[in-house]
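> Have a look at the structure that comes next, please.
Just so it is clear, none of the values below were taken in a lab; they were calculated from the coordinates. On a predicted model such as this, the values are computed, not experimentally measured, just so you know.
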Amino acid sequence: MARLLKKNDAGESEVIELNLGVNHFGRDAECHFPIKHSTVSSYHCDIVLTAEGILLQDHDSTNGTYVNGERVKQAVLQPGQTVRLGDVELVVDSTEVKISIPEIERPMPPAPPVVLPGGEMLCSRHAQSKVTHHCTYCHAVQCDACVKRLRRKGGKTLKLCVLCSHPVELLAGVKPRKKSFLATLTATIKLPFWSGKKPAVD
């Protein structure tokens, strides 16, 4: 990553690693890189690091910002240049920028269904179940156990794709699953004696 070198009072070079984006330099402790020196203003300048390079911008500092001895308000920095904030010198050691993009692991698509001799297919998610539905959007095939069901109050039950949540339809030739007698009865008649809950045991 891009960096500057600053010599301390002992003559040793202090490495300043720039952060991507705006870097505040000044005497104030809240600056990203505080420089405790009387000739440096509280908020002296910004050094902006982008993928295109490094931009220096002075903030009306009292003692000025200089690049290779020339006072500037704004400048694009190059390796080897000397930047002076008041009486404090910084050397541009590197302008290299490394932007790493994390790799995103994509889920593996399900294996294709097994086609039986009669033309029927076995579900790739439930090996013992036959394919009964296909998605109207992504065209994925799935068994009855895969289908997500959304029950709407006062309306029909929506059958949705396990992959994309779009509506699914029965495959041609597949008969809809029959409801049990009790399920049909409770859907059409309100039974006062049946609440669907087990009686409490004292």
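> To make sure I understand the rule: partners must be aspartates and glutamates, Cα under 15 Å from the Cα of residue 98, and not fewer than 8 residues away in the same chain. Which ones qualify?
17, 52
> Give me the distance between the Cα centres of the range 13-32 and the range 107-175, rounded to whole Å.
If you average the Cα positions of each part, the centres end up 57 Å apart.
> Here is a further query. Would you work out the relative contact order for the range 1-82, in percent, from Cα pairs under 8 angstrom that are 6 or more residues apart?
Answer for the range 1-82 is 19 percent.
> In addition: Report the full-extension gain for the segment residue 12 to residue 169: residue separation times 0.36 nm, less the Cα-Cα distance, to one decimal in nm.
Contour length minus Cα-Cα distance gives 49.1 nm.
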